[in-house]
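In what follows, a single structure is set out as structure tokens and then discussed.
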Amino acid sequence: MRYHWGHMGYLEETIEELEKQIDHPLSPDRKEVELLDGIPGVNKAAAATFIAGMGVNLTVFKSAKHLAHGLV
């Protein structure tokens, strides 16, 4: 039981470190992350994934259809 408790602590620390590593590059886009996170069904991880894939300057897409095609 002690081994499992220690391993669980290690995993929690690892998750915290990974979350910090994800948050750091997103800091310039904090406002956009918060806006996306406010959409029902979209959490912080999904917002980070979207921004990583599409960026925050959506004017590069000709239309909503063009943007949606990039998501598939």
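Computed quantities for the displayed model
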{"item": "Restricting region 17-72 to trypsin sites (Lys or Arg not before Pro) in coil, as DSSP defines it, with at most 11 other Cβ within 10 Å", "result": "Lys62"}
{"item": "Per-selection metrics, the chain (Cα): Rg and Dmax in Å", "result": "16.7, 57"}
{"item": "Summed side-chain charge close to Ala52 - residues other than Ala52 whose Cβ falls under 12 Å, Lys, Arg +1, Asp, Glu -1", "result": "-2"}
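All of the numbers you see were taken from the coordinates with simple rules; none came from a lab. Just so we're clear, the structure is a prediction, and the values are computed from it rather than from any experiment. Quick reminder, even Gly has a Cβ in these numbers, built from the backbone with ideal geometry, and neighbours come from all protein chains shown.
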